[in-house]
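Q: Dropping a structure here in structure tokens format, bear with me for questions.
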Amino acid sequence: MIKAILFDFDGVLTTDATGSTSICNYISMYTGISLEAFKSEYYKYNNDLLYGKITHVDIWQKLCDNLNYNISMDILNDSFINTPIDKQMLFLAETLKIKGYKIGMITDNKADRINCIVKHLNWSKVFDVITVSANIGSGKNCEEIFIQTIESLNLLPNECVFIDNQEKNLIIPKQMGIMTIYFDHIKRDYENLINELSKIGCIL
């Protein structure tokens with residue numbers, strides 16, 4: 001019996017495929033720095049940011065120096081809160097919570113970004129658990145991020161379903177016994193997602 005629905009963040013709860021896409025698009029648009037130039041510099045630090053080895057504060061001055069542009073940290077924070085949220089997906093999560101399911105988020109992401117977004121949107125009322133790769137030092141290619149999530153919910157793997165927009169991220173949870181659903185972030189087929197949830201016994 002499914003008791004918890006676990007959502008990926010970028011590409012599922014948002015309309016951009018990745019968080020780096022959202023950050024780079026916003027800052028490029030705001031500053032006028034070419035998207036390719038900003039991406040080229042930002043991605044040098046991306047993996048270390050995702051796994052908590054460094055923070056944006058650690059790298060920001062160096063990034064600005066290399067771009068020859070003084071970008072305020074306020075603009076970075078604005079890029080976080082202007083992440084394009086999929087309101088239809090959020091409504092689904094809220095509906096499932098009302099139905100009595102535990103709602104979680106599992107994301108390979110920067111801790112400061114997720115903290116900022118969760119606070120801005122008051123998502124602590126929606127999500128029972130939010131597990132971020134930067135906080136635990138590993139991502140969805142390892143079991144730990146899933147173990148910590150289901151343990152915090154006091155559930156078994158087969159009582160959870162995980163939704164992600166990258167099939168590679170479904171391999172580990174499936175091996176652990178977690179039900180998995182692939183959500184195509186381009187097609188954004190909500191009807192199919194609801195059908196898949198219904199097939200595994202979720203009541204909507």
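Q: In straight Cα distance, which lysines are under 16 Å from K119, not counting same-chain residues fewer than 8 positions off?
A: Straight-distance partners of K119: K110.
Q: Let me ask another. How big is region 19-81 on each of its three principal axes, counting only the C-alpha atoms and giving the largest first in Å?
A: 29, 24, 21
Q: Sticking with this one: How many percent of DSSP beta bridges within region 1-160 run antiparallel, rounded to 5?
A: Beta bridges within region 1-160, antiparallel portion: roughly 10 percent.
Q: If I build a Gaussian network model for the chain, linking alpha-carbon pairs within less than 10 angstrom, which residue out of H56, H120, H185 has the largest mean-square fluctuation?
A: Evaluated over the chain, the most mobile residue of the options is H120.
Q: On to the next question. Which residue, V132, V118, V161, has the most motion in a Gaussian network model of the chain that connects Cα atoms within less than 10 Å?
A: In the Gaussian network model the winner is V118.
Q: Would region 87-187 count as rounded, prolate or oblate if I go by the C-alpha gyration tensor, calling it rounded below 1.5 in a/c and otherwise prolate when a/b exceeds b/c, oblate otherwise?
A: Values: a/c = 1.28, a/b = 1.14, b/c = 1.12.
Rounded, since a/c falls under 1.5.
Q: Compare K125, K102, K174 in a GNM of the chain, Cα atoms joined below 10 Å, and give the one with the largest fluctuation.
A: In the Gaussian network model the winner is K125.
Q: Rounded to the nearest 500, what is the 222 nm mean residue ellipticity of the chain from helices alone, with -39500 (n - 2.57) per DSSP H run of 4+ residues and division by all residues? Don't skip to the answer; put the middle values down first.
A: Working: 11 runs with 99 residues, N = 204.
It lands at -13500 deg cm²/dmol.
Q: Can you list the lysines whose alpha carbon is less than 25 Å from that of K199, not counting same-chain residues fewer than 8 positions off?
A: K3, K87, K97, K99, K102, K140, K168, K174, K187
Read the figures in this text as sums done on the coordinates, not as results from a lab. These numbers come from a predicted model, not from an experiment.
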